[in-house]
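Beneath this line is the structure, given in structure tokens, with notes to follow.
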Ligand code: NDP
């Protein structure tokens with residue numbers, strides 16, 4: 001029978017271990033790790049994400065610093081704030097919530113973050129380290145996916161993994177992480193030919209596309225493990241104000257074939273914040289010259 005992978009439970013487990021690590025860190029260093037989150041503008045989804053991140057940070061026993069800036073903030077003003085956070089000894093992690101307003105160059109801001117505090121793992125130095133197999137702060141969503149896969153499958157060595165999507169925040173780091181685990185990795189994108197055939201050959205499918213229910217049940221090799229990163233809102237049904245949230249995988253069909261599969265919501269989503277807390281704890285240890293706990 002297909003197993004529904006419970007991302008909520010896995011995330012709670014990581015968060016509990018992070019909270020234990022925070023308590024030990026506080027005993028040793030005399031302060032809690034600190035995470036600064038910067039929000040520019042009032043995008044409703046970003047506002048919710050930033051609120052949840054602040055709450056989770058406090059629940060883990062860390063210090064939370066939230067900076068809300070107006071939509072018309074200039075690039076210079078944002079860079080000055082990043083500089084201040086880089087210099088602030090109480091801040092171990094800095095996250096600038098994306099997307100940023102049009103007048104701000106995202107890459108310039110991400111590259112201004114001290115790589116040692118880059119808990120989103122988007123700085124080019126961390127991306128490069130991941131690519132060449134050095135220890136790095138790794139983007140939270142793909143790291144969360146890897147955690148679920150290892151929980152499920154243990155050793156990933158020799159497995160054929162198909163990653164659908166090649167963005168810098170999900171697809172590419174996901175592929176690097178799987179490669180580092182000795183999986184044989186195929187990366188698919190919008191120009192890939194015969195995606196269903198590639199999927200049918202994969203022991204692991206990670207879908208990070210942003211297209212509702214694109215991956216069909218008959219694409220899935222029997223027994224494969226399916227990780228659905230996509231978050232898509234369907235148009236509302238009649239009489240409803242909000243549409244249903246679905247992933248990039250047609251869940252019911254795929255669940256009939258897969259060995260294990262993540263639902264949307266309740267799969268990958270909760271892992272992202274858990275891994276952000278984990279990265280902050282690791283950054284805090286590294287900044288203090290301590291060995292980071294294995295989580
Ligand atoms: P992007 O839009 O940056 O990338 C999408 C990728 O999908 C691109 O590489 C694109 O190819 C590829 N693609 C588009 N259409 C097809 C197609 N028909 N066949 C194959 N590949 C295709 O998205 P993100 O990586 O940022 O996010 C992907 C999804 O994950 C979204 O639904 C997003 O909401 C969700 N997400 C969820 C998170 C969570 O916490 N659960 C966190 C981050 C993202 P090409 O490069 O050729 O254009």
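Taking the Cα-to-Cβ direction at residue 23 and at residue 189 and moving 7 Å from each Cα, how far apart do the two end points lie in nm?
Rounded to a tenth, the inter-label distance reads 4.6 nm.
Residue separation times 0.36 nm, minus the C-alpha to C-alpha distance between residue 241 and residue 98: what's the value?
Extra length available between residue 241 and residue 98 comes to 48.9 nm.
Taking only C-alpha pairs under 8 Å that are 6+ residues apart, what is the relative contact order of the chain in percent?
Computed over the chain, the figure is 21 percent.
Over the stretch 111-270, what portion of Cα pair distances is larger than 18 Å, expressed as a whole percent? Intermediate values should be presented prior to the final figure.
On the way: 7402 of 12720 pairs.
Of the Cα pairs, 58 percent sit more than 18 Å apart.
So if we plug the beta-carbon distance of residue 150 and residue 111 into 1/(1 + (r/R0)^6) with R0 = 22 Å, what FRET efficiency do we get, rounded to 0.05? Mind showing how you got there, number by number?
On the way: r = 31 Å, r/R0 = 1.39.
Efficiency computed from Cβ-Cβ geometry: 0.10.
If the stretch 1-97 were replaced by its equivalent ellipsoid, with semi-axes equal to the square roots of 5 times the Cα gyration tensor eigenvalues, what would those be, largest first, whole Å?
28, 21, 9
Once both axes come from the Cα atoms, what is the angle between helix 7-29 and the longest principal axis of the chain, in degrees from 0 to 90, rounded to 10?
Orientation of helix 7-29: about 20 degrees from the principal axis.
When averaged across all projection directions, what area in nm² does the alpha-carbon convex hull of the stretch 139-224 cover?
In nm², the orientation-averaged hull projection of the stretch 139-224 is 5.2.
Relative to the longest principal axis of the chain, what angle (0 to 90°, nearest 10) does the C-alpha long axis of helix 44-59 take?
Helix 44-59 and the main axis of the chain meet at about 70 degrees.
If you fit an axis through the alpha-carbon atoms of helix 140-153 and take the longest principal axis of the Cα set of the chain, what angle between them do you get, 0 to 90°, nearest 10?
Between helix and principal axis, roughly 50 degrees.
Under the 0.36 nm per residue contour assumption, what length would be gained going from the current alpha-carbon distance of residue 31 and residue 294 to full extension? Spell out each step's value before the answer.
Working: separation 263, 0.36 × 263 = 94.68 nm, distance 2.03 nm.
Taking 0.36 nm per residue and subtracting the Cα distance, the gain is 92.6 nm.
When Rg is the radius of gyration of the Cα atoms in the chain and Rh is its Kirkwood radius, what does Rg/Rh come to?
When Rh is taken as the Kirkwood radius, the ratio is 0.97.
If one computes the Cα centroid of the stretch 38-112 and of the stretch 259-285, what distance in Å separates the two points?
So the two Cα centres are separated by 19 Å.
Quickly rank 239-245, 1-7 as a protection proxy: mean count of other C-beta atoms within 10 Å, highest first.
With the highest mean Cβ count within 10 Å placed first, the list reads 1-7, 239-245.
Between residue 197 and residue 76, 0.36 nm times their residue separation minus their Cα-Cα distance comes to what?
38.7 nm
Just the number, please: percent antiparallel of the DSSP beta bridges in the chain, rounded to the nearest 5.
Numbers: 2 of 31 bridges.
Percent antiparallel among DSSP bridges in the chain is about 5.
Over all directions, how big on average is the projection of the convex hull of the alpha-carbon atoms in the stretch 51-130, in square nanometres? Before the final figure, lay out each step's value.
On the way: hull surface 22.4 nm².
Across all orientations, the stretch 51-130 yields a mean hull projection of 5.6 nm².
Readers should treat all values here as calculations from the given coordinates under stated rules, not as data from a laboratory. Because the structure is predicted, anything quoted here is derived from the model rather than measured. Counting neighbours? That spans all protein chains shown, and the Cβs are built from the backbone with ideal geometry, glycine included.
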